[in-house]
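Here's the structure, in structure tokens; my notes come after.
The values are calculated or read from the model by the stated rules, or taken from the named source; none is laboratory data. It should be emphasised that the depicted structure is a prediction, and the values quoted were computed from it without experimental measurement. Ideal geometry is used to build each Cβ from the backbone, glycine not excepted, and the neighbour counts take in all protein chains shown. Remember, those area values only see protein heavy atoms, side chains included, never the ligands or the DNA or RNA. Shrake-Rupley method; radii C 1.70, N 1.55, O 1.52, S 1.80 Å.
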Amino acid sequence: MDNLYKILDVSPDAEQNEIRKAYSAKLFKLHPDHGGEGGQELYKVMKAYEILKDPQKRAFYDQSFMKKNKGYRKESSSSSNQKKEDRLTTYKMTFFFTPEEMFKGMNVVVNYKNREFFVKVPKETYNGRSLRYATEYDGEPLVLELKIAYKKGKEKFVKDNGDVYMDHTIDANRAALGGRESLLSPLGETISVFFKGGLRDSQIIRLKGQGMMGRTGVRGDLYLSVKIKKVIFSLRAVFS
């Protein structure tokens, strides 16, 4: 079992705000958008934070890890977390989004026992992801667990690794001579694309890093299937 505290470079007795700050710093450093390598290292950081940010998961991890690493964390802290875990209620639900909504983030309302909770789904989330939010109901701790899924019919545009597929129609002149065009992706982004001359109908063009965020924290690619608009000539006889 990995030492999750070591992955985030924090002490086993670190407060939640310390863990959150350490995670933000690691995320910024490793994310490809900021020049980082992403990949497995970023994935480990994200998984470590997913556990340590949640009191219930953290308590379970601490107790399991302590059995193999005696004295690694104080017993009094573990006992306190166990008491919280005993009275913790988890409410699970599934929310369905389009790829654009997942990419841009959403604010949703969760209804629990006639009470509304306003929850922010972060940008660049992905299909199958579970999000947990700690709150309270009638003075008792409550965890809202949201599972993210695609709206029916939208999943065909995106693969699990974040690759996105779409058709794009251009006229015959553009296909023959090339040139730049702007297009709107399934994620709601306006993208400027340069098409080389000599394109064929149904030719696939790959735009690296323009897809959805994948499970590893790296954006997939956008694949365009080029459709060439046929030119129809109309001959009309002119009589004087």
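Numbers below:
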read-out: All strands (runs of 3 or more DSSP E) inside the stretch 144-228 with 1 or more residues being touching a Gly at 6+ places or on another chain (Cβ under 6 Å) and farther than 21 Å from Thr94 by Cα; value: 164-171, 190-195
read-out: In the stretch 46-102, the residues that are more than 30 Å from Tyr165 (Cβ to Cβ), at pLDDT 85 or above and among the hydrophobic types (A, V, I, L, M, F, W, C); value: Ala48, Ile51, Leu52
read-out: Residue pairs meeting the criteria (Cβ under 7 Å; at least 6 apart or on separate chains; first in contact (Cβ under 8 Å) with a residue 40 or more places away in the chain, in the stretch 97-118; second assigned to a helix (DSSP H, G or I)); value: Pro99/Phe157
read-out: Residue within the stretch 99-116 that is small (Gly, Ala, Ser), under 23 Å from Val218 (Cβ atoms) and not in a strand (DSSP E or B) present; value: yes
read-out: Residue list for the stretch 201-223, filter: of a type in the set (A, V, I, L, M, F, W, C) and surrounded by fewer than 12 Cβ atoms within 10 Å (Cβ to Cβ); value: Ile204
read-out: Output for the stretch 179-200, where each listed residue is touching a residue at least 12 places away in the same chain (Cβ under 8 Å) and open to solvent by 90 Å² or more (accessible area, probe 1.4 Å); value: Arg180, Phe194, Lys196, Arg200
read-out: Output for the stretch 134-174, where each listed residue is open to solvent by 30 Å² or more (accessible area, probe 1.4 Å) and among the acidic types (Asp, Glu); value: Glu136, Asp138, Glu140, Glu145, Glu155, Asp160, Asp167, Asp171
